[in-house]
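Since the structure comes first, as structure tokens, the remarks are kept for the end.
The values are calculated or read from the model by the stated rules, or taken from the named source; none is laboratory data. Predicted model only: the values in this text are computed from it and were never measured. Remember, those area values only see protein heavy atoms, side chains included, never the ligands or the DNA or RNA. Shrake-Rupley method; radii C 1.70, N 1.55, O 1.52, S 1.80 Å.
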Amino acid sequence: GDANPSLRINPAKDRWYCDVAVRGGGPASLARLLGVVAQKTSNIVRVHEYKDKNGALIAKHVRLRGGRAKFIWAPTGVVIASLPLYRQYDEQPDTPTILSESEHDADEIASIGVASNALPGAGARIREHHLEVLKGRAVVFIPHPDPAGERFVSENIRILRRAGIQKI
């Protein structure tokens, strides 16, 4: 040990200072000084994959780090309205369809063993090709507890009712 410690670290400010060397800085500069090579961190938080009925990847919805929710779609130019329900082909044909407001919610619900779907894109509406999957099934909505979630449910219930789907 050092009888007179000269390195001071302030975790609250994310700073360090060495009294002997008369220098200081942040975590990256200390790592460089110690010869530690920092690994690049990914900007990607989550990736949601949209697949066709054969399991082939057709699009990815990628969430990026940042203050506000930042998403990108791959491939660039994908027609979001043409995509199937997220996790559509995980469903059992004779079970109710749980329709959550986001892919992340659908994944969380699926993680406890319950099949769940999401519409592609924030605030999305049910499209004609989604109705083919939903006809004859009960649909259960899992919205976010905010005005956008209320709109998500009310708009999509209207679409389902117009299509003759009453088990909502």
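To test your reading of the geometry: what angle, between 0 and 90 degrees and rounded to tens, separates the Cα axis of helix 147-162 from the longest principal axis of the chain? It is inclined by approximately 20 degrees.
Per-residue SASA remark: residue 100, around 0 Å² accessible (1.4 Å probe; ligands, DNA and RNA not included).
Which residue, 105, 146, 52, has the most motion in a Gaussian network model of the chain that connects Cα atoms within less than 10 Å? Among 105, 146, 52, the largest GNM mean-square fluctuation belongs to 146. When all alpha-carbon pairs of the chain are counted, what percent fall beyond 28 Å? Counting pairs separated by more than 28 Å, the tail of P(r) holds 42 percent. With all protein chains kept in place, the per residue accessible area of the chain amounts to 66 square angstrom at a probe of 1.4 angstrom. To put it simply, the accessible area of the chain at a 1.4 Å probe is 54 percent carbon and sulfur.
Working note: Cα atoms of the range 77-168, range along each principal axis, descending, whole Å: 32, 31, 29. Averaging the Cα positions of each part gives two centres, and for the range 1-31 and the range 114-149 these lie 53 Å apart. At q = 0.27, 0.32 Å⁻¹ the log10 of I(q)/I(0) for the range 116-168 amounts to -1.22, -1.55, computed by Debye summation with a single uniform scatterer per C-alpha, solvent ignored.
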